Every structure is written in C-alpha cells, then in structure tokens.
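To start, the structure under review is shown below, and the notes come after it.
Values quoted throughout were computed directly from the atomic coordinates according to the rules given, and no laboratory measurement underlies them. All of these numbers come straight from a predicted model, not from anything done at the bench.
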Amino acid sequence: MLKLTLKPGDFIDIGSDVKVIFSGGSANNIHLLIDAPKNMNIARSGAGKNKTPSPYYREKELSAEAKKEITAILMREKRRQANAG
C-alpha cells in the first residue's frame, strides 16, 4: 500500500486512462475528482450492495497536547512572518 500526502491540485495517474485529483478537504472529509473513461465503472465503498469492512484504517487523532503545540508553533510563525514583511 502506498500512502501519499497531497496538496489541493496534486494528482495521481493510474495507468494512462485514469487521473485522481485531490481538490481539497475539510474536517474528516477529502474531495477527489476522478477523470476516467465513461465506460469504466467507478463506485465508492458505500455504494455497493455487498458491504464488507474496509481493510484500511483511519489514522489516530492527535492528542489535545499535540494540537495545542502545533497551534502555538503556527501562531509563532504567523507573528514572525508579519514582523518580517
């Protein structure tokens, strides 16, 4: 399995016919655009009748302490940039 970090607008080519484009996200959702031939059947996991558990897992949430530390770092960086420019 390949795990990627993408920015909005980044894409993944699958073969020569399929392009998956990351268009952003919010909270627990991501937004993907799939450019593929019309004759290709594309369905998300919840759309099928035979619902089987996904073999994939959600990453664990950050701790409250880690979130506070990240927020503090981002705020320091924002102040630094404001003072520099």
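Of all aspartates and glutamates in the structure, the ones whose alpha carbon falls short of 13 Å from that of residue 3, not counting any fewer than 8 places away in one chain, are 59. Residues in segment 7-21 carry Karplus couplings, in order, of 9, x, x, 5, 9, 10, 8, 10, x, 9, 10, 10, 10, 10, 10 Hz; the curve used is 6.51 cos²θ - 1.76 cosθ + 1.60 with θ = phi - 60°, and Gly or Pro positions show x. Under 5 Å between amide hydrogens, built in the peptide plane, is the criterion, and for residue 23 it picks out 9, 31, 32, 33 among residues at least 5 positions away or on other chains.
Measuring against 26 Å, Cα to Cα, the residue pairs 38/60; 7/67; 19/78; 19/60; 19/67 contain 38/60; 19/78; 19/60; 19/67 as the ones spanning a longer distance. Compared with the alpha-carbon gap, the fully stretched path from residue 80 to residue 65 is longer by 3.1 nm at 0.36 nm per residue.
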